[in-house]
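Asks: Before we start, here is the structure in question, set down as structure tokens.
The values are calculated or read from the model by the stated rules, or taken from the named source; none is laboratory data. Model, not experiment: these values are computed from the prediction. Here the Cβ is made from the backbone with ideal geometry for all residues, glycine too, and neighbour counts use every protein chain on show. Ligands, DNA and RNA are excluded from the accessible area calculation, which covers all protein heavy atoms including side chains. Shrake-Rupley method; radii C 1.70, N 1.55, O 1.52, S 1.80 Å.
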Amino acid sequence: MMGPAHSLSGAAAWLGVGAAAAAAGHTMPWPVLVVGALITAGAALAPDLDHKSATISRAFGPISKGLCEIVDKLSYTVYKATRGPGDPRRNGGHRTLTHTWLWAVLIGAGASAAAIFGGRWAVLGILFVHLVLAVEGLLWRAARVSSDVLVWLLGATSAWILAGVLDQPGNGSTWLFDAPGQEYLWLGLPIVLGALVHDIGDALTVSGCPILWPIPLGRKRWYPLGPPKAMRFRAGSWVELKVLMPAFMILGGLGGAAALNVI
């Protein structure tokens, strides 16, 4: 799928988690619901770090472009080293390493560890990166015509304000993990969710997605999971733009309302 659809699906997924938590009697504080949805929207773009033409490659100028090239080469190297006898030869690393459950878990765990051991500046960095990506995904039309610097300033300002809100007692810095020293440990969860939602979205497209790597399926270790081919669509097609994106908006709205006990 394209960047805007990925971000919308990520935000909708976190709002759905919030609805489930409310139904189970563990309602999220509203800052956790809002910040989690924004982080998930941003994290849902991150697996395309292996693609130099993706939204994320433009988000941070030369830094993200260079990082995308490195991740592409790394992913291609891992693919070549681990491919099974049934896996085809390929020329690049797109939709390989960064599109797996293992990558999602490692990135989320890394973010949680950074939040615990890196303190406030690490938290601000995590928020800044994902808020910039969320703007690039959810507000992509405005982001395309505005200066990158303005988007970065918006991300930095929003990160500072939201971190301050979360730090207030009961607002969510200790949500889910409330032992001393575990503040913001939960930040890895929306990052894992965003990556997995991205993978599921890509699995619906023509090429499928090797979500289960390194678990082999038959003669393939990079098996492109997906529904029957008749049910798949091309990225950017009318199915994505006219059906899925409106559906994500509706489901996200319903999930948010349920999470806040409005309905």
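Asks: Using a 10 Å cut-off on Cβ atoms, rank the peptides 184-194, 1-11, 92-102 from the highest mean neighbour count down.
Replies: The packing order, highest mean first, is 1-11, 184-194, 92-102.
Asks: Between segment 154-195 and segment 33-103, what is the C-alpha centre distance in whole Å?
Replies: Going from one Cα centre to the other spans 25 Å.
Asks: For the chain, what's the radius of gyration and Dmax over Cα atoms, in angstrom?
Replies: Gyration radius and largest Cα-Cα distance of the chain: 18.3, 55 Å.
Asks: Also: Label points 7 Å out from Cα along the Cβ direction at residue 230 and residue 157: separation in nm?
Replies: Result: 5.3 nm between the two label points.
Asks: Rg and Dmax of segment 1-140, Cα atoms, in Å?
Replies: Considering segment 1-140 through its Cα atoms, Rg and Dmax are 16.4, 50 Å.
Asks: What order do you get for 167-176, 44-53 when each peptide is scored by the mean count of other beta carbon atoms within 10 Å, highest first?
Replies: Numbers: 167-176: 16.4, 44-53: 24.0.
So the peptides 167-176, 44-53, ranked by packing, come out 44-53, 167-176.
Asks: Which of 73/220; 52/80; 73/242; 220/242 have a Cα-Cα distance over 28 Å?
Replies: The pairs that break the limit, which is 28 Å between Cα atoms, are 73/242; 220/242.
Asks: Something else now. Once neighbouring chains are kept in place and the probe is 1.4 Å, which whole percent of the accessible area of the chain is contributed by carbon and sulfur?
Replies: Looking at the chain in its full context, I get 69 percent from C and S.
Asks: Hey, quick one: spin label on residue 146, modelled 7 Å out along Cα-Cβ, who in segment 55-98 has an amide N within reach, i.e. under 16 Å?
Replies: The answer is 59-61, whose backbone nitrogens lie closer than 16 Å to the label point.
Asks: Whole-Hz Karplus ³J(HN,Hα) for segment 209-224, in order, using 6.51 cos²θ - 1.76 cosθ + 1.60 and θ = phi - 60°, x for Gly and Pro?
Replies: With coefficients 6.51, -1.76 and 1.60, one gets 8, x, 4, 7, 3, x, 6, x, 10, x, 8, 10, 8, 10, 5, x Hz.
Asks: So for segment 119-252, what are the equivalent ellipsoid semi-axes in whole Å, largest first, each being the square root of 5 times an eigenvalue of the Cα gyration tensor?
Replies: Working: eigenvalues 217, 99, 36 Å².
Those come to 33, 22, 14 Å.
Asks: For segment 182-263, what is the convex hull volume of its Cα atoms per residue in Å³?
Replies: Values: hull volume 11.0 nm³, N = 82.
It is 135 Å³ per residue.
Asks: Per residue, how large is the accessible surface of the chain? Use a 1.4 angstrom probe and give square angstrom.
Replies: 49 Å²
Asks: Under a point-charge model restricted to the Cβ atoms of Lys and Arg (+1) and Asp and Glu (-1), what is the dipole moment magnitude of segment 1-111 relative to its Cα centre, in debye to the nearest 20?
Replies: Taking the Cα centre of segment 1-111 as origin, the dipole is about 360 debye.
Asks: Place +1 on the Cβ of every Lys and Arg and -1 on the Cβ of every Asp and Glu in the chain, take the dipole about the Cα centre, and give the residue among 188, 174, 32 whose Cα lies farthest towards its positive end.
Replies: The one lying farthest along the dipole's positive direction is 188.
Asks: Separate question: Compare the Cα positions of 256, 46, 205 along the charge dipole of the chain (+1 at Cβ of Lys, Arg; -1 at Cβ of Asp, Glu; about the Cα centre) and return the one farthest towards the positive end.
Replies: Towards the positive end, the residue furthest out is 205.
Asks: Taking the mean number of other Cβ atoms within 10 Å as a proxy for protection, how do you rank 152-162, 28-38 from highest to lowest?
Replies: Numbers: 152-162: 16.4, 28-38: 22.9.
Averaged packing, sorted descending, gives the order 28-38, 152-162.
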